[in-house]
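Down below is the structure, laid out as structure tokens.
What follows is calculated from the coordinates using simple rules that are stated; it is not laboratory data. Owing to the predicted nature of the structure, the values given are computational and were not obtained by experimental measurement. Positions of Cβ are backbone-derived with ideal geometry, glycine not excepted, and every protein chain shown enters the neighbour counts.
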Amino acid sequence: NKVVELANYHPTDFVLERVDLTFELDPTNSKVDARLIFHRREGADATAPLVLDGDELTLSGLLLDQNELPAEQYDATPQSLTIRDLPGASPFEITVTTFINPEANSQLMGLYRTNGVYCTQCEAEGFRRITYFPDRPDVLAPYTITIIADKAANPLLLSNGNYLGGGNYDEGRHFAAWFDPHPKPSYLFALVAGDLGVVEDTFTTMSGREVALKIYVERGKEPRATYAMDALKRSMKWDEDRFGREYDLDIFMVVAVSDFNMGAMENKGLNVFNDKYVLADPETATDQDYANIEAIIAHEYFHNWTGNRITCRDWFQLSLKEGLTVFRDHEFSADMRSRPVKRIAEVRHLKSEQFPEDAGPLAHPVRPTKYREINNFYTTTVYEKGSEVIRMIATLLGPEGFKKGMDLYFDRHDGDAATVEDFVKCFEDATGRDLNQFSLWYHQAGTPLVTASGAYDAAASTFTLSLEQRVPATPGQPTKEPMHIPLSFALILDNGSVATPTAVSGGEVTGDVLHLTEQKQTFTFSGVSSRPVLSLNRSFSAPINLHLDQSADDLGHIARHDSDLFARWQALTDLALPNLMQASRDAREGKEVEASPALISALLETAGNHALEPAFRAQVLALPGESDIARELGSNNDPDAIHAGRTAVLKAIAGAGRDLFQHLLSETRTDGEFSPDAESAGRRALRNSALSYLTYAEQSPSIAAKAFDDANNMTDMLQAMTLLAHRFPDAEETSAALQAFLKRFDNNPLVIDKWFAVQATIPGAATLGRVRALMENPHFVRGNPNRVRSLVGSFTFSNPTGFNRADGEGYRFLAEQILEIDPKNPQLAARILTSMRSWRSLEPQRADQARSALLSIDRSSSLSNDVRDIVERMLK
Ligand code: B3K
Ligand code: ZN
């Protein structure tokens, strides 16, 4: 397979006018008739052939304007269909017939079957597994779909758009027809057929149109879809209020399926979801599950405008829809929940997932320029960093400028397959601001490092801030240019108020945003009458690494007095990280680990401060994780030492705060009815972090065991079970809890996934044996991506000590799994393999073992394009 390059982009020679598909569904032999109307593009080469994409297809019939084509006029291979000698300017009709086997489709791309339900996944290049087609996002057409299937087994026949009609057919079969008037690319096509239960509602749009809403789930699971429905209605309303975007069909459907390669898919009018992100009730879903459902329902719905009405010209523009839609779902969740707490969670996620990607062998720009396998670019860089870039545009332009730019984008590009440049231009045209240098955020990979230092001159009443930026080298980009970095800042005075300097020199400052545009820049603020404490990159206004040497006193000052909760959390994190890093160094050298008194007191003071919302206090108590410490240490990492050091610090905090934690535990007790709202979830989060510290302080499983027995919702139960398993893996209480949990939920695979994940993340070398044993458990279904992710994925991604065993067994296990999964589901295999993306920052012995494991994968001659691409980039 060859590399695709942005520089080679060319529009198609033929314009697709209309698509008319007829499916005769059969589990192993489904017939697809595709009638495609084309005309040659004006100005295109009059002799150019029509080349259609395929993937594992066999051609069974081909007509041109209803006449059979002579064999010499076309060539068909599994990957392509080439037709020559086609008309000059007038439209013509091609009819292609293929037969496909949904039951045998283990890749879960194209048309497949899951639990007896037919469903499709076409993004990015799955449609070509259904029929020969110009399968690229800049080919847009209206679709008419007819589905014929056995009526008893498939009472439900769904596709995109509005329902046209249906009726009985022959031999117990029936049919349904759908028409989607909105021109769309093939990756947004969807078909679902089967027997499912439904939850129904309606939504009246801002212009007064009534839209039917339907969420389809397995029969019997309907009550677990009501939260998703509620989230959907709130999303539709929010998109009208905040972005002026109205829904555009008579019906909006969501279908939950149990075998799915990712979270969900935004097919026009017919979203298909991993059931993990639809189904929830208090007994089986955690607060995190509820928050994920809300966010993903919103995300897919928001794609209707950012992705579907305005789509991507080519796959290099993926962040045009994904970064923007993540930004929109982040804003939605922030409005539905606590904005600062949401922002803290986003930044934690960005730093723990995107920063390592950007610092390792898989680093790539938000707008890449080449790919070998597009499925490997659905990354946290394209999604989350892409969203941060849009957040920066909003910061640079202010709310009004940003709104003007968005309005212009919707207005100017509705119906287009657009580019990142088109998008940025809308903000320039709407506001007059030059975003040329800013656009480097799309093109340069790597997390910029900004080094800052402040100095106060009492005699002159000035505060001077010196800044220097450096963007690290990344694969294919050895040298970088200085970026335009918007840094939100405040100069905080003794009493907690913010200084208002009389003047500033050295660069542009707009409101509370300082524009760092040079490699080195010094800003001087005058009229600052007493020494301020600098708070920089507030709300994480730019996705950078910031080195700002601040005393514990200054950080403590921000942690206690800042009006902005995010800044307080950031200060506490900055206070904790050096301590945790030192703890890991000390643990590695066998020295006594110390917890800084300044950290302990600031932490406990915040945790006990009733004026602050509980969810925030829980975030503070969570401290940076082991992967955060590894990232900050940067190289020569020993995961065992990091774990030991961090654990010792947590124990010291637990000891010092024992009374407080006891107190928090009793005051957050709730016996009333469960509610998934953010405030209640926040109380549970605080309660559970107190419980976590108490199990450190008490050194016995009894308190977690009691919490497990008392739990009346999944959040509390899972936390108690996690504490038992992770702190006391061999205790009787732990095996009792694990057994009770399995017995109670053994008919619910999504809950058993939690049971797998808890055990796969038990720290220490012994866990690999446990994981291997669990793979023999009858609940572990090899072909199901959720099962594989919760057992294998949790182990490789979220168990630093277990996976990174010094003897390399963890890496060999991964290699073995990759080679086993790859032939069946390459996308899943490639994704799990990225858990090794930071292997170069391990200490030499582990790094050697990791390299050998990667080489053993690389040696296999039958790798998929997906895994081949990842393994080669990781070894380069
Ligand atoms: N657009 C899909 C992701 C498709 C992934 C293809 N490998 C879901 C989303 O981002 O909303
Ligand atoms: Zn998306």
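Here the simple spin-label model places points 7 Å from the Cα toward Cβ, and for residue 765 and residue 855 these points are separated by 2.3 nm.
Under the criterion of Cα pairs below 8 Å and six or more residues apart, the relative contact order for the chain equals 8 percent. Multiplying the residue separation of residue 207 and residue 17 by 0.36 nm and removing their Cα-Cα distance gives an extension gain of 65.4 nm.
Taking amide H as placed 1.01 Å from N in the peptide plane, the amide H of residue 80 sits under 5 Å from that of 54, each at least 5 places away or on another chain. By the beta-carbon count within 10 Å of each Cβ, the least crowded to most crowded order of 674, 438, fewest first, is 674, 438.
Centre-to-centre, using Cα atoms only, region 514-544 and region 330-356 are separated by 23 Å.
Remark: the residue 437-residue 48 segment gains 136.1 nm on full extension, using 0.36 nm per residue and subtracting the alpha carbon distance. Annotation note: chymotrypsin sites (Phe, Trp or Tyr not before Pro) in region 1-58 located in DSSP loop regions with a Cβ neighbour count of at most 15 within 10 Å are 9. Positive end of the dipole of the chain (Cβ unit charges, origin at the Cα centre): among 175, 622, 437, the Cα lying farthest that way belongs to 622.
Using Cβ point charges alone (K and R +1, D and E -1), the dipole size of region 449-542 about the Cα centre works out to roughly 160 debye.
Over the chain, dividing the summed -39,500 (n - 2.57) contributions of all DSSP H runs of at least 4 residues by the number of residues returns a 222 nm mean residue ellipticity of -12000 deg cm²/dmol. The residue 82 and residue 585 beta-carbon pair, evaluated with R₀ = 45 Å, returns a calculated FRET efficiency of approximately 0.10. A simple charge model with +1 on the Cβ of Lys and Arg, -1 on the Cβ of Asp and Glu and nothing else charged puts the dipole of region 414-479 at about 380 debye relative to its Cα centre. Once the Cβ-Cβ distance of residue 530 and residue 612 is raised to the sixth power relative to R0 = 25 Å, the FRET efficiency obtained is 0.40. For the chain, a crude dipole built from +1 on the beta carbon of Lys and Arg and -1 on the beta carbon of Asp and Glu, taken about the Cα centre, is about 1360 debye to the nearest 20. For residue 706 and residue 748, the FRET efficiency from 1/(1 + (r/R0)^6), where r spans their Cβ atoms and R0 equals 30 Å, is about 0.75. When both region 65-100 and region 115-160 are represented by their alpha-carbon centers, they are found 21 Å apart.
Taking a point 7 Å out from the Cα of residue 92 in the direction of its Cβ, the residues of region 7-21 whose backbone N falls within less than 19 Å of it are 12-20. The simple spin-label model puts a point 7 Å past each Cα toward its Cβ; for residue 429 and residue 230 those points are separated by 4.2 nm.
So between residue 635 and residue 242, what do we pick up on full extension, going 0.36 nm a residue minus the alpha carbon distance? Before the final figure, lay out the partial values.
Numbers: separation 393, 0.36 × 393 = 141.48 nm, distance 4.38 nm.
Taking 0.36 nm per residue and subtracting the Cα distance, the gain is 137.1 nm.
The modelled label-to-label distance for the pair residue 179/residue 58, using points 7 Å beyond Cα in the direction of Cβ, is 3.6 nm. When the alpha carbon coordinates of the chain are projected onto the principal axes, the ranges are 88, 66, 59 Å, largest first.
In region 746-876, inverting the average of 1/r over every pair of distinct C-alpha atoms gives 14.7 Å as the Kirkwood radius.
Counted over the chain, the DSSP beta bridges are approximately 80% antiparallel.
Scanning residues 5 or more positions from residue 162 or on other chains, those with amide H under 5 Å from its amide H are 179, 180, with H placed 1.01 Å from N in the peptide plane.
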